[in-house]
Amino acid sequence: MTDPSTLAAESHRTSNSEQRIAALQSIGELNGLTLEEFLWIADAGRDRFVQDGELIFSQGAPPHHLIFVLAGEVVVKRHTSSPVSVLTGRTGRITGKTPFSRIRAWNADGRASGDVWLLEIHEGQFPALLAAIPSITERMVRVLLDRNREYTRAEEQIGKLSALSKLAGNLAHTLNNPASAARSAALLLSQKSEPERNSARYELGSKLPDQTTLNVYIDGMNTIRSRMNSSFRQSNSVLASDLEEALSDWLDGKGFEQSWKLAPILAEAEVSIPHLQEFLAPVPLELQPLALLDLLATVSQDAAIASVIQASERIFRIVTAVKDYSYMDRQPLQEVDVASALDNVLMMFQPRLANVAVKKNIPPGLPLLHAYGSELNQAFSALIENSLDAMENKGTLTLSVKLQEKTFLVEIEDDGCGVPEEFQDCVFEPFFTTKPFGEGLGLGLDTVQRVVAKHFGAVAFDTSTQGTTFHVRLPIDRVGIY
């Protein structure tokens, strides 16, 4: 009669093997193995359960096991100053030492993100593994090729971000000081300038009937100057063009020979004909060309000062955007403002947005996202670049952010030509691209998928001949990664 304890042990072993086999069958590289071959791996392997944050392997230590990631996520990070993790080993992946591998030491640390279940086969069992499963040789070669591709892509990303961080540092050092000096000088000019000391103002003042009329005239001048200062930043180029033409015709009708200089400045600040009529009302008709000459001298100086101030502030914004984009001098995990992150990414594409209408549907007061800031920006960049390519840099780009339960839904929509049906199943595959040879590596959307997966999110898309929308879902509270 069989010992009950022996039966219980055998039942537990069978149950554990079934769980292992079920998990092993989710690994793509093992597709096609027979049940006996899965059973061999399940029986030969040793379970290893690792809690969140624990070290699984360390850089420099020799590897001795072929590792099947049956559940959880392993984050691999090299001992560098880069904020980028080299590789993420997720559920359904194979890592560690493989048969025929020449690896002598781990080249990075691996830590558990969440609870992780590993199945390890010692290198001493490799000959038996190859004999029991003949196809494992080809399968492990594919694993090695995939691993090399991932490391190559990650190294490229690290290099780009490192270069961007250095560029941000150089920009901050090189541009901030002269930009500060230019802005300070422009502000000082605006405070101490006395445009009334031009010859037209003197001549006009001497010919006006009395001081009261002169005071009313100067008040009218200051009203226009004040309007210009408040309107310059909000000018609409289409409306300004129409207004400039109308102003030029009206000024010509007044016999003002330099209307071609004055009309563009007034139009950009949205100073209309009724504003000019109000300004000229206290001035006798024969002196109005002289008043317009005075106005030209005054607003020309104001416009020049405003241009210097705006250019200086734009330099500051660009430097800040580059620093924020690269997350320079910050820890890898950040509290990320998704709306600001999208704005910073858009700043990087500013030269390509001249003919693109950017619409934003982003509600205020969104919570912060616990994320890898620099890598998330890389994903947003790849999606926006993909949209701009599809639109050929003209059309409408719509960025939307919604909060659904405890998940962010970020949508990037374009009105380009859409993804052809025959390519829709391939867009996330590494090295797949529809661009001509030499114009794209085909890693953009693959990077998006990996970055989003690293944040325990998901990415999908809808497409038609009227455009494409990518949907990125990101949980607000992801498991912390060390």
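The values are calculated or read from the model by the stated rules, or taken from the named source; none is laboratory data. Quick caveat: nothing in here was measured; it's all calculated off a predicted structure. Every residue, glycine among them, receives a Cβ derived from its backbone with ideal geometry; neighbour counts consider all protein chains shown. Just so you know, the surface numbers come from the protein's heavy atoms only, side chains and all, with ligands and any DNA or RNA stripped out. Shrake-Rupley method; radii C 1.70, N 1.55, O 1.52, S 1.80 Å.
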Quiz item: Given a Förster radius of 25 Å and the C-beta distance between Asp219 and Gln310 as r, what FRET efficiency does 1/(1 + (r/R0)^6) yield to the nearest 0.05?
Solution: 0.40
Exercise. Pull out the extension gain between Asp462 and Cys417, defined as 0.36 nm times the separation in residues minus the alpha carbon to alpha carbon distance; nm, one decimal.
Key: 15.0 nm
Self-check item: Solvent exposure, largest accessible area first (probe 1.4 Å, DNA, RNA and ligands not counted), of Glu270, Glu37
Solution: Glu270, Glu37
Self-check item: Largest to smallest accessible area among Trp117, Trp40 [probe 1.4 Å]
Solution: Trp40, Trp117
Exercise. Report the FRET efficiency, 1/(1 + (r/R0)^6), for Glu286 and Ser340, where r is their Cβ-Cβ distance and R0 is 51 Å, rounded to 0.05.
Key: 0.35
Quiz item: Long-range amide H contacts for Gly72: which residues qualify at under 5 Å (H placed 1.01 Å from N, peptide plane, sequence gap of 5 or more or a different chain)?
Solution: Thr91, Trp117
Quiz item: Could you give the nm distance between label points at Asp242 and Ala131, where each point is 7 Å from its Cα heading toward the beta carbon?
Solution: 8.7 nm
Exercise. Give me the number: length gained by fully extending Lys402 to Ala105, i.e. 0.36 nm times residue separation minus the C-alpha to C-alpha distance, one decimal in nm.
Key: 102.4 nm
Self-check item: Entries in Lys207/Lys261; Lys254/Lys359; Lys254/Lys394; Lys360/Lys454; Lys360/Lys406; Lys77/Lys360 that, when Cα-Cα distance is taken, lie over 31 Å
Solution: Lys254/Lys359; Lys254/Lys394; Lys77/Lys360
Practice problem: Kindly state, to the nearest 0.05, the FRET efficiency for Glu278 paired with Asp52, given R0 = 60 Å and r defined as their beta-carbon distance. | Solution: 0.30
